[in-house]
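**Q** The structure under discussion is supplied below as C-alpha cells; questions concerning it will follow.
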Amino acid sequence: MGDKRFNIGLPDKLGNELSKDFELNEEFFEFIGDVLIESCFFNVSVSVKRKHSFWDLEVKVDGFLQTFCDRCGDNLKVLIEGKDLYFLKAQERNKNFHDENIIFISSKKTDFNLKPLLEEACFLLFPVTRKHKIENCNKTVISKLDDIDRKMNGQTISSKILKDLKGKLKK
C-alpha cells in the first residue's frame, strides 16, 4: 500500500534507530494543486527510534519553494526549514483520543509508509502569505497598486459625502 520508495523499517529492538533521506521536488507535491508553486526542492531526513511501547519518528526538512509574491507578482524564492516529531504507537486507534502527532499502527507492521506524512509535514511549512520584504517588491507594481488604492478610497469618501448631502437635502 503506497509507494514503496517511501517505506522505512521499524526497529524491533529497544534503542535501535533507522534513518532515511529523501529529495523531494514539485512532482512529489502534485496533490497540492497550487498553480502558484513553480518549483520546489526539499532535502528531507527521517529517523525512527524504538522506545518501550512506541517509536519516535523525526522529520527534518530543508529546501526552497519557487513561487510568486502575493503583493507584486514577481518571482519569489522562499526558504523552507523545519522539523517535527511524531510517535508511532502499535495499538488499536482510540476514537476518543486526538493528537495529530500520534499515529496508531498495527502491531504486525514491520515498516511504515512515510509518503502521506512527508506530504503533510512539508506542506504545513509552506507560508500562507508569500511576500517579498516591501523593499524588495517591484516598485512599479507597488506604485500602481497605491494609485488604485488612493482612487478607490477617494471614491468611497466622495460617495459618503454625496450620501450625507442627499440625507441633508431630504430634511
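The values are calculated or read from the model by the stated rules, or taken from the named source; none is laboratory data. Since the model is a prediction, treat every value here as computed from it, not as a measurement. Ideal geometry is used to build each Cβ from the backbone, glycine not excepted, and the neighbour counts take in all protein chains shown.
**Q** One residue is enough: does the range 56-65 have a residue meeting the conditions crowded, with 18+ Cβ neighbours inside 10 Å and out of contact with any strand residue (DSSP E or B) (no Cβ under 6 Å at 6 or more places or on another chain)?
**A** No.
Matching residues to (1) loosely packed, with under 14 Cβ neighbours inside 10 Å; (2) at pLDDT below 90; (3) in the same structural domain as Asp12 (by TED's automatic domain parsing):
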{"residue": "Phe87", "(1), (2), (3)": "no, no, yes"}
{"residue": "Arg93", "(1), (2), (3)": "yes, yes, yes"}
{"residue": "Glu119", "(1), (2), (3)": "no, yes, yes"}
{"residue": "Phe126", "(1), (2), (3)": "no, yes, yes"}
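**Q** Lys13 - would you say it is surrounded by fewer than 18 Cβ atoms within 10 Å (Cβ to Cβ), within 18 Å of Ser106 (Cα to Cα) and in the same structural domain as Phe126 (by TED's automatic domain parsing)?
**A** yes
**Q** Using beta carbons and a limit of 9 Å, which pairs, at least six apart or on different chains, have the first residue in the range 105-117 and in contact (Cβ under 8 Å) with a residue 60 or more places away in the chain and the second one surrounded by fewer than 16 Cβ atoms within 10 Å (Cβ to Cβ) and charged (D, E, K, R)?
**A** Going by the 9 Å Cβ cut-off, the qualifying pairs are Thr110/Asp12; Asn113/Asp3; Asn113/Lys4; Leu114/Lys20; Lys115/Asp3; Lys115/Arg5.
**Q** Right, something else. Picking from Arg71, Arg50, Arg130, which residue would you name as being buried (at least 16 other Cβ atoms within 10 Å of the Cβ), within 17 Å of the chain's Cα centre (by Cα) and basic (Lys, Arg)?
**A** Arg130
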